[in-house]
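Q: Below you will find the structure I want to go over with you.
The values are calculated or read from the model by the stated rules, or taken from the named source; none is laboratory data. Here the structure is a predicted model, which is why all the values come from computation and not from measurement. Quick reminder, even Gly has a Cβ in these numbers, built from the backbone with ideal geometry, and neighbours come from all protein chains shown.
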Amino acid sequence: MVKIDSILTINLKLNQPKAYTGTIAFQLGEKMIFYIILIGLVGLDQITKALIHSKFLEGDTFPIIRDFFHLTYVQNRGVAFGVMQGKLMIINIISISAVVLMVIYD
């Protein structure tokens, strides 16, 4: 704030660096964080699928937590519970359209 005489007061905004807020969300923006996490999860999903596909035969199982949680290789060429089995072109078109619409209307 600059005072000229004692009657007129003028406020000046200077380009001062913003104070560190302590969180990444304020620096990158919440949407950017969302997209980074989204890309990371999709990448992790694709990497694990490629590893399983290259190392396992269909029906093979790997115990993650013995007698409780096992990773078993099965193939599902449809959507949830095998619905639309073998109709990959339709499934791909619907999936890509949904992603595009989410990005556009976000």
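Q: May I ask you to list the residues in the stretch 54-82 that are within 30 Å of Val103 (Cα to Cα) and either outside any loop (DSSP other than H, G, I, E, B) or among the β-branched types (Val, Ile, Thr) (or both)? Before you say what the answer is, go through the steps one by one.
A: Here is the first cut: in the stretch 54-82, the ones within 30 Å of Val103 (Cα to Cα) are 75-82.
Val79, Ala80, Phe81, Gly82 - these are the residues of the stretch 54-82 that are within 30 Å of Val103 (Cα to Cα) and either outside any loop (DSSP other than H, G, I, E, B) or among the β-branched types (Val, Ile, Thr) (or both).
Q: Any residue at all in the stretch 83-106 that is out of contact with any Phe, Trp or Tyr (no Cβ under 9 Å at 6 or more places or on another chain) and acidic (Asp, Glu)?
A: no
Residues checked against (1) modelled with pLDDT under 85; (2) farther than 30 Å from Asp106 by Cα; (3) exposed (fewer than 10 other Cβ atoms within 10 Å of the Cβ); (4) not aliphatic (A, V, I, L, M):
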position: Gly29; (1), (2), (3), (4): yes, no, no, yes
position: Ile36; (1), (2), (3), (4): no, no, no, no
position: Gly40; (1), (2), (3), (4): no, no, no, yes
position: Leu51; (1), (2), (3), (4): no, yes, no, no
position: Lys55; (1), (2), (3), (4): no, yes, no, yes
position: Asp67; (1), (2), (3), (4): no, yes, yes, yes
position: Lys87; (1), (2), (3), (4): no, no, no, yes
